Structure formats: C-alpha cells, structure tokens
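Structure first, then comments.
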Amino acid sequence: MLLPLPCTAIYYPMNFYTRKWVKPEDLNAHGTLFGGRLLAWIDEEAAIYSIIQLGTNGCVTKYMSEINFVSSARQGDIIELGIKATHFGHTSLTLTCAVRNKITQKTILTIDKIVFVAVDENGKPIKHGRTEITYTDERLRE
C-alpha cells in the first residue's frame, strides 16, 4: 500500500533501498551534504546491487548519465537511496537511481542511467548470462 506523499515529493518506485544518516564529516563548506560523498554512496550501493543481480564480483561502473541535484540534505537528515534495474545487456546492467529524504520524502537527487559491466580478471567485458531482475537475496544463495 502506498501512502500519500507530501506535495513537494516526487515518487520514484525503486526496489532496493539503503539508508544513510548525514553526519558532520559528510558536509561541505555550506553545511549541506557534499555531492561527492553522496555520489560515492550511490556508486557503492549500485555496485552491490549489480554484483547480486549479475552473480559476479567482477562488475565495474561504465557510465553515469546526468546527475540531477534537486535539493540538499543537512546534518542529521536520514536519506534513502533507491536503485532499480531497468535493462540487462549481454555484458551490462543498466540501473536508475533516486535519493530522497526519508522523513519528508523530498527528492534530493536523480540519475536516469547508471551502467555496470561484468568483467573478467583482465578487466575485459564478459557475458553474464542474466536476463531478469531478482528482488531478494536468492542469488546470494546460488
């Protein structure tokens, strides 16, 4: 069941969430969340998601589309990162991402397209053989 969101919120349906608490060490000179810190969190979570979906630790970030910073976060805010697989290629997995304030549901950032590629030990793309999204930890048990 979806609850009504405040009128300032944009709802992005995602199927993988992690939460981060914005601490003093995460802030920039203006007292808001440093964009580089947020992008590092996104890249790490997207990599974990890709590893689980593709069934291999050999995944690398290939591409990130335009990053749209919609609003900022401040110390003490709890933010939620949502990641969703949108397409399986032969060697790649394409994701989308949204970050929002967990309490207010206000969108902080969106990224339309993040591409991860499965690679061998030499960093060369390899076919991963996956064609559908898994929503649980099933692949961790394979």
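The values are calculated or read from the model by the stated rules, or taken from the named source; none is laboratory data. Small disclaimer: the values here were computed from a predicted structure and weren't measured. Cβ: placed from backbone, ideal geometry, glycine included. Neighbour counts: every protein chain shown.
Things worth noting here:
- Each residue in the range 103-131 was checked for being at pLDDT 95 or above and either among the polar types (S, T, N, Q) or under 12 Å from the mean Cα position of the chain (by Cα) (or both), and 10 of them qualify.
- One residue stands out among those in the range 86-107 that are in contact with an Asp or Glu (Cβ under 8 Å, 6 or more places away or on another chain) and among the polar types (S, T, N, Q): the one that is nearest to Ser72 (Cα to Cα), which is Asn101.
- The range 24-68: number of residues that are closer than 24 Å to Thr131 by Cβ and of a type in the set (Asp, Glu): 1
- Applying the criterion of being modelled with pLDDT of 95 or more and either in a loop (DSSP other than H, G, I, E, B) or within 10 Å of the chain's Cα centre (by Cα) (or both) to the residues of the range 1-29, the residue that is surrounded by the most Cβ atoms within 10 Å (Cβ to Cβ) is Val22.
- Condition met for Ile103 (of a type in the set (Val, Ile, Thr), buried (at least 19 other Cβ atoms within 10 Å of the Cβ), under 21 Å from Pro24 (Cα atoms) and in contact (Cβ under 8 Å) with a residue 24 or more places away in the chain): no
- Within the range 30-42, the residues that satisfy the criterion of being in contact (Cβ under 8 Å) with a residue 24 or more places away in the chain and in a helix (DSSP H, G or I) are Gly35, Leu38, Leu39, Trp41, Ile42.
- Of all residues in the range 69-95 being under 15 Å from Ala40 (Cα atoms) and not β-branched (Val, Ile, Thr), the one that is surrounded by the fewest Cβ atoms within 10 Å (Cβ to Cβ): Phe69
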